[in-house]
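The values are calculated or read from the model by the stated rules, or taken from the named source; none is laboratory data. Given the structure is predicted, the values throughout are model-derived calculations rather than measurements. Cβ atoms come from the backbone with ideal geometry, glycine included; neighbour counts cover every protein chain shown.
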Amino acid sequence: MTVPAPRPDDPYDNVSPLFRDGWENEAEPPAGPDTWDAPVALGESRALPAFPVDALPGWLGAMVKAVAEETQTPADLAGCLALASLAAAAGGRVVVRIRGRWHEPVNIYTAVALPPGNRKSAVFDLMTRPLMDVEKQLCAASAIRRTEAETTQRLLKAAAERAATKAANAEPDDRAKATAKATAEAVALAQEAEAVTVPAETQLIADDATQASLATLLAEQGGRIAIMSPEGGVFDIIAGLYSGPPDMTIFLKGHAGDRVRVNRQGRPSQHVERPAVTMGLAIQPEVLEAIAKVKGADGRGLLARYLYSVPVSLVGSRNVEPDPISDEVVDTYGRHLVALTTELADWTDPAIIQLTPEADAVMLAYQKVTESRLGKGGTLAPIIKWAAKRDGAVARIAALLHLAAHPTDGWRLPIAATTMADACRIGDYFTIHALHVFDAMGADPARDAARTLLDHLRTNPLAPGGFTKRDLFRSASRADFPTIADLAPALELLEEHGWVRMQAPPPRSGKGGRPPSPRYQAHPHLTHPTP
């Protein structure tokens, strides 16, 4: 074995023979035709985060994980429904005070986009069943009050009719005096009967509701109702499928808590001072594109009110033998959700939850981040309408997490900093998904095709020396590019962004014939990707 000679002390003595004399004084060679500038990003699809289940209180997170496992669905669906279920229980009964006069109700709108076959109905049933159970309990408990009110009203109306009959049948001699007395009695009894309020049968959840029926439900249910559906039918209603032109007023006011006037046929109109509509929806991805085209949906801010989730479908990779949900997890979830709903059911004036100073500091820091990203060139500028409501949504989520952690007395306790921090994490999750959704709503087909083609070139690099348009067409998917002409817009955009460049065509021989297929060269980032 030969032992290498010791390295000389001078660090250049052992390398200088590798270079020409005077190499260190030579100028850098000029850029040649193969020099490439850095390509401009196409705005590739973002890697969407999974729902942060660990940000939920223990019993709620356990249910979300168990439902996702048993149904083999993304935890995002159960997670968003968990928040919507809390909002259905507390909406219209609780508000959160951030600072000064800034208050937020705790109802929210969530929309999870998943293609068919993802067992959405099964997840909805598991997550909303306690609300349906407590609805039955509340109906039974109020049955006696309804019966008493109906009986009292019926007796007063009967007495008013007898008084009116007595006035009409008074003797001629004293008719004037008797009529006045009986009439006054009849009017008083009729007014008293009208003043009796017969409580409507308790309803917490509606599947779909038109503008008119939703307004009536709000009036009957003390200003709150939840629409929980594994379908997107409510968007058809908003778009005017059954009522003509789109009318979304009640959906706008029901989210913000703005006063609503309810006109009732044959009866005096009513006012709902603080309407609270909650929505927990699972929709097909195509529905998002459809609702974006509804006149006024974006301009009036309806799209900005939803918390969007676009999870990755597990269809095709599901475990066919999942772990079942334990009875303990189901019972704990149901017990806590029922307790929260029952405690708040009879509230008329909403409870006001405060923030601890530490929670306020977390909220203020989050607001500053939001504000810094809303300006021109900021990451939230493309979704400024949605992002303008982001801080309020985080405050609502914080209140819901707080109530979940304290389902029997949360309204007496301030929100802790850790709870607010968890709400901020969930807010960041919804922010990234919103960026994706609004990007998809306004997507340019050519850009989408260019993204697809760029992904294809990354995973299926063609010859480093170049490739023809015909070569690319042969290797690309027919589903994405049915004809060779479909490649043109995508290639043009890739060329504008510096990912490919068209090479000069070879000189023609003058003998005629079909011109050669255009030839392209790919950026070195594609032919020699960085590890």
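Listed values, structure above:
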{"quantity": "Filter result for residue 370 (among the β-branched types (Val, Ile, Thr) and either over 29 Å from residue 252 (Cα atoms) or touching a residue at least 40 places away in the same chain (Cβ under 8 Å) (or both))", "calculated": "no"}
{"quantity": "Residue in the range 477-488 that is β-branched (Val, Ile, Thr) and assigned to a loop (DSSP other than H, G, I, E, B) present", "calculated": "yes"}
{"quantity": "Selection count, the range 310-332, where residues are in a loop (DSSP other than H, G, I, E, B), polar (S, T, N, Q) and either under 20 Å from residue 125 (Cα atoms) or touching a residue at least 12 places away in the same chain (Cβ under 8 Å) (or both)", "calculated": "3"}
{"quantity": "Matching option when the condition is within 30 Å of residue 332 (Cα to Cα), of a type outside the set (Gly, Ala, Ser) and crowded, with 17+ Cβ neighbours inside 10 Å, among 401, 413", "calculated": "401"}
{"quantity": "Subset of the range 29-53 [modelled with pLDDT of 75 or more, within 28 Å of residue 66 (Cα to Cα) and in contact with a helix residue (DSSP H, G or I) (Cβ under 7 Å, 6 or more places away or on another chain)]", "calculated": "48, 49, 50, 51, 52, 53"}
{"quantity": "The one condition in (1) assigned to a helix (DSSP H, G or I); (2) closer than 25 Å to residue 93 by Cα that residue 347 fails to fulfil", "calculated": "(1)"}
{"quantity": "Residues located in the range 281-294, provided they are within 12 Å of the chain's Cα centre (by Cα) and either among the polar types (S, T, N, Q) or under 12 Å from residue 225 (Cβ atoms) (or both)", "calculated": "none"}
{"quantity": "Some residue of the range 384-394 being among the acidic types (Asp, Glu), within 16 Å of the chain's Cα centre (by Cα) and either surrounded by 14 or more Cβ atoms within 10 Å (Cβ to Cβ) or modelled with pLDDT under 95 (or both)", "calculated": "yes"}
{"quantity": "Residues (more than 11 Å from residue 522 (Cβ to Cβ) and touching a Pro at 6+ places or on another chain (Cβ under 9 Å)) located in the range 451-469", "calculated": "468, 469"}
{"quantity": "Any strands (runs of 3 or more DSSP E) falling wholly within the range 69-161 and containing at least 2 residues that are of a type in the set (Lys, Arg)", "calculated": "94-99"}
{"quantity": "Cβ pairs under 9 Å, 6+ apart, first in the range 278-290 and in contact (Cβ under 8 Å) with a residue 12 or more places away in the chain and under 13 Å from residue 83 (Cβ atoms), second part of a strand (DSSP E or B) and among the polar types (S, T, N, Q)", "calculated": "278/110; 279/110; 279/229; 280/110; 280/229; 281/110; 281/229"}
{"quantity": "Failed criterion for residue 291 (all others in (1) at pLDDT 95 or above; (2) buried (at least 17 other Cβ atoms within 10 Å of the Cβ) hold)", "calculated": "(1)"}
{"quantity": "Matching residues in the range 429-454 - criterion: being in a helix (DSSP H, G or I) and free of Cβ contacts under 8 Å to residues at least 24 places away in the same chain", "calculated": "448"}
